[in-house]
Amino acid sequence: MQLLKKYCFDIIVIMAFAVFIVCSFISGFGPGIEIFRGNFRSFVAELFMLLPLMFILLGLFDVWVPREKVEKHIGKDSGLKGSLIVSLLAFLQAGPLYAAFPVAYTLWKKGCSRFNIFLYLGAFSTMKIPMLMFEIGFLGVKFSLLRVSLTLPAVIAIAFILQFLYRNKPFDISNEAPPGRS
């Protein structure tokens, strides 16, 4: 019962989506059918193909790489070297944005600095090499280099701001529901 209460809003949203899809198929509502056949089905397929592999790799990283190594290379005292390592990791990684959060959590758990976590998430969401290759193909090298040269300082500035804002706040992960969701 406690679990049902905790996820009540999520269950309502999922049920509303399911009712919408069923009603779309019954009434022949084209956009609803297209949402299910195109977007939703491809998203679920991608999710089930990508996440298990990613969690296996993260599990191996968690077991094989000692916390001390992570703290040394990308921890609080890692400086520019740590930021470059984290940025390189973000640039080279492929996949959707939701794949970055488990990686960021694992890095944090292993001792990565807050700045480097924020930098990783910002760089991952805006400057992945696979995404840049796609962008270059459609918009050209000049545009892509200009965008990256403007985005990188913005991501660094945002990481500094977030690190400053959260400097005295506990960064604990809990299993409690967020405020407003009992």
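Assorted remarks:
- Matching entry among Ala90, Ala94, Ala99 (being modelled with pLDDT of 90 or more and closer than 30 Å to Leu152 by Cβ): Ala90
- Leu4 closer than 28 Å to Pro130 by Cα and either surrounded by 11 or more Cβ atoms within 10 Å (Cβ to Cβ) or not basic (Lys, Arg) (or both): no
- Residues (of a type in the set (Asp, Glu) and surrounded by fewer than 12 Cβ atoms within 10 Å (Cβ to Cβ)) located in the stretch 135-171: none
- Any hit, the stretch 12-35, residues being touching a residue at least 60 places away in the same chain (Cβ under 8 Å) and either more than 19 Å from Pro102 (Cα to Cα) or in the same structural domain as Lys109 (by TED's automatic domain parsing) (or both): no
- Only a single item in (1) farther than 28 Å from Thr106 by Cα; (2) at pLDDT below 85 is not met by Gln2, and it is number (1).
- Residues considered: Ala123, Ala157. Of these, the only one that is farther than 21 Å from Glu71 by Cβ and assigned to a helix (DSSP H, G or I) is Ala157.
- Look at (1) in the same structural domain as Ala159 (by TED's automatic domain parsing); (2) within 30 Å of Ala16 (Cα to Cα); (3) more than 19 Å from the chain's Cα centre (by Cα) and you find that Leu97 fails only one, number (3).
- Those residues of the stretch 19-36 which are under 27 Å from Gly95 (Cα atoms) and either of a type in the set (S, T, N, Q) or surrounded by fewer than 11 Cβ atoms within 10 Å (Cβ to Cβ) (or both), in sequence order: Pro31
The values are calculated or read from the model by the stated rules, or taken from the named source; none is laboratory data. Since this is a predicted model, take the numbers as computed values, not measurements. Glycine also receives a Cβ, built like all others from the backbone with ideal geometry; neighbour counts cover every protein chain displayed.
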